[in-house]
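K.L.:
This is the structure I want to talk about, given as C-alpha coordinates.
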Amino acid sequence: MNSGTIAAIAYGILAIVGGIMGYAQAKSKASLISGSISGLLLILGGVMLLQGKAWGLVLATVVTAVLIIVFAIRLFKTRKFMPAGLMTLLGLITLAVMIQQLVAIV
(Lines give C-alpha, C1' and ligand atoms only; values in the text may rest on other atoms or scores of the structure.)
Protein backbone atom coordinates (compact mmCIF):
# COMPACT_ATOMS: atom_id res chain seq x y z
CA MET A 1 0.00 0.00 0.00
CA ASN A 2 1.48 3.34 -1.04
CA SER A 3 1.08 6.84 0.34
CA GLY A 4 -1.40 7.92 -2.36
CA THR A 5 -3.71 5.05 -1.48
CA ILE A 6 -3.54 5.82 2.22
CA ALA A 7 -4.12 9.54 1.60
CA ALA A 8 -7.12 8.92 -0.66
CA ILE A 9 -8.81 6.50 1.72
CA ALA A 10 -8.08 8.60 4.80
CA TYR A 11 -9.38 11.81 3.21
CA GLY A 12 -12.41 9.89 1.95
CA ILE A 13 -13.22 8.64 5.44
CA LEU A 14 -12.75 12.15 6.79
CA ALA A 15 -15.13 13.54 4.15
CA ILE A 16 -17.81 10.99 5.06
CA VAL A 17 -17.41 11.63 8.79
CA GLY A 18 -17.56 15.38 8.16
CA GLY A 19 -20.76 15.00 6.16
CA ILE A 20 -22.33 12.96 8.93
CA MET A 21 -21.26 15.53 11.53
CA GLY A 22 -22.66 18.36 9.39
CA TYR A 23 -25.97 16.56 9.23
CA ALA A 24 -25.99 15.71 12.94
CA GLN A 25 -25.19 19.27 14.05
CA ALA A 26 -27.00 21.42 11.49
CA LYS A 27 -29.42 18.94 9.88
CA SER A 28 -27.66 19.71 6.60
CA LYS A 29 -28.68 17.12 4.04
CA ALA A 30 -26.32 18.78 1.57
CA SER A 31 -23.37 18.06 3.87
CA LEU A 32 -24.44 14.46 4.28
CA ILE A 33 -24.91 13.88 0.55
CA SER A 34 -21.80 15.73 -0.63
CA GLY A 35 -19.63 14.24 2.11
CA SER A 36 -20.85 10.74 1.34
CA ILE A 37 -20.46 11.03 -2.43
CA SER A 38 -17.03 12.66 -2.34
CA GLY A 39 -15.84 10.31 0.41
CA LEU A 40 -16.99 7.22 -1.47
CA LEU A 41 -15.31 8.46 -4.66
CA LEU A 42 -12.06 8.99 -2.78
CA ILE A 43 -12.27 5.54 -1.20
CA LEU A 44 -13.08 4.04 -4.61
CA GLY A 45 -9.98 5.74 -6.02
CA GLY A 46 -7.88 4.33 -3.19
CA VAL A 47 -9.25 0.82 -3.67
CA MET A 48 -8.61 1.01 -7.42
CA LEU A 49 -5.03 2.03 -6.65
CA LEU A 50 -4.70 -1.05 -4.46
CA GLN A 51 -5.80 -3.12 -7.44
CA GLY A 52 -3.18 -1.50 -9.66
CA LYS A 53 -5.55 0.75 -11.60
CA ALA A 54 -3.81 4.06 -12.25
CA TRP A 55 -7.11 5.84 -12.97
CA GLY A 56 -7.93 5.48 -9.26
CA LEU A 57 -5.19 7.98 -8.47
CA VAL A 58 -6.50 10.37 -11.12
CA LEU A 59 -10.04 10.09 -9.72
CA ALA A 60 -8.87 10.69 -6.15
CA THR A 61 -6.71 13.64 -7.24
CA VAL A 62 -9.56 15.34 -9.10
CA VAL A 63 -12.04 14.83 -6.24
CA THR A 64 -9.48 16.16 -3.74
CA ALA A 65 -8.82 19.25 -5.89
CA VAL A 66 -12.55 19.96 -6.17
CA LEU A 67 -12.98 19.58 -2.40
CA ILE A 68 -10.10 21.98 -1.76
CA ILE A 69 -11.78 24.60 -3.93
CA VAL A 70 -15.17 24.11 -2.24
CA PHE A 71 -13.74 24.26 1.26
CA ALA A 72 -11.48 27.24 0.46
CA ILE A 73 -14.53 29.19 -0.76
CA ARG A 74 -16.38 28.29 2.45
CA LEU A 75 -13.39 29.32 4.54
CA PHE A 76 -13.24 32.74 2.89
CA LYS A 77 -16.99 33.22 3.30
CA THR A 78 -17.27 32.11 6.93
CA ARG A 79 -13.76 32.93 8.21
CA LYS A 80 -14.10 29.89 10.50
CA PHE A 81 -11.31 27.34 10.57
CA MET A 82 -13.64 24.48 11.48
CA PRO A 83 -14.50 22.61 9.36
CA ALA A 84 -13.60 24.41 6.12
CA GLY A 85 -10.08 25.43 7.10
CA LEU A 86 -9.18 22.01 8.42
CA MET A 87 -10.51 20.24 5.33
CA THR A 88 -8.68 22.72 3.07
CA LEU A 89 -5.40 22.16 4.90
CA LEU A 90 -5.76 18.37 4.96
CA GLY A 91 -6.87 18.43 1.34
CA LEU A 92 -3.74 20.34 0.32
CA ILE A 93 -1.56 17.79 2.11
CA THR A 94 -3.49 14.94 0.48
CA LEU A 95 -3.21 16.58 -2.93
CA ALA A 96 0.55 17.04 -2.53
CA VAL A 97 0.97 13.33 -1.74
CA MET A 98 -1.17 12.35 -4.75
CA ILE A 99 0.63 14.69 -7.15
CA GLN A 100 3.97 13.34 -5.95
CA GLN A 101 2.77 9.84 -6.80
CA LEU A 102 1.35 10.96 -10.17
CA VAL A 103 4.70 12.48 -11.11
CA ALA A 104 6.46 9.26 -10.12
CA ILE A 105 4.15 7.24 -12.40
CA VAL A 106 4.75 9.45 -15.44
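The values are calculated or read from the model by the stated rules, or taken from the named source; none is laboratory data. In this text, all values refer to a predicted model and were calculated from it rather than measured experimentally. No Cβ is skipped: glycine too gets one built from the backbone with ideal geometry, and neighbour counts run over all protein chains shown. All accessible areas refer to the heavy atoms of the entire protein, side chains included, with ligands and DNA or RNA removed. Shrake-Rupley method; radii C 1.70, N 1.55, O 1.52, S 1.80 Å.
K.L.:
Provide the net charge surrounding A84, with neighbours chosen by a C-beta distance below 10 Å and charges set as Lys +1, Arg +1, Asp -1, Glu -1.
P.N.:
On the way: positive: R74, K77, R79, K80; negative: none.
Its environment carries a net charge of +4.
K.L.:
Here is a further query. Which angle from 0 to 90°, rounded to the nearest 10, does the C-alpha axis of helix 86-105 make with the longest principal axis of the chain?
P.N.:
Long axis of 86-105 versus the principal axis of the chain: about 10 degrees.
K.L.:
Taking the Kirkwood radius as the inverse of the mean 1/r across Cα pairs, report the Rg/Rh of the chain. Before the final figure, lay out each step's value.
P.N.:
Details: Rg = 13.5 Å, Rh = 13.6 Å.
Here Rg/Rh amounts to 1.00.
K.L.:
What part of the accessible area of the chain, given as a whole %, is carbon or sulfur when the probe is 1.4 angstrom? Please list the in-between numbers first.
P.N.:
Values: 4760 of 6240 Å².
It is 76 percent, rounded to a whole number.
K.L.:
Turning to a different aspect of this structure: Treating the angle as unsigned and between 0 and 90°, give the value, to the nearest 10°, between the Cα long axis of helix 3-26 and the longest Cα principal axis of the chain.
P.N.:
It works out to around 20 degrees.
K.L.:
Excluding ligands, DNA and RNA, what is the solvent-accessible area per residue of the stretch 55-106 at a probe of 1.4 Å, expressed in Å²?
P.N.:
Accessible surface, normalised per residue, equals 63 Å².
K.L.:
For a quick check of your reading of the filter: which chymotrypsin sites (Phe, Trp or Tyr not before Pro) in the stretch 60-89 sit in a DSSP loop and have no more than 16 other Cβ atoms within 10 Å? The partial results should precede the final answer.
P.N.:
Numbers: sites: F71, F76, F81; in loops: none.
Passing both the DSSP loop test and the Cβ count: no residue.
K.L.:
How many lysine pairs does the chain hold where the Cα atoms are under 23 Å apart and the two sit 8 or more places apart or on different chains?
P.N.:
Working: K27/K77; K27/K80; K29/K77; K29/K80.
Going through the chain pair by pair, I get 4.
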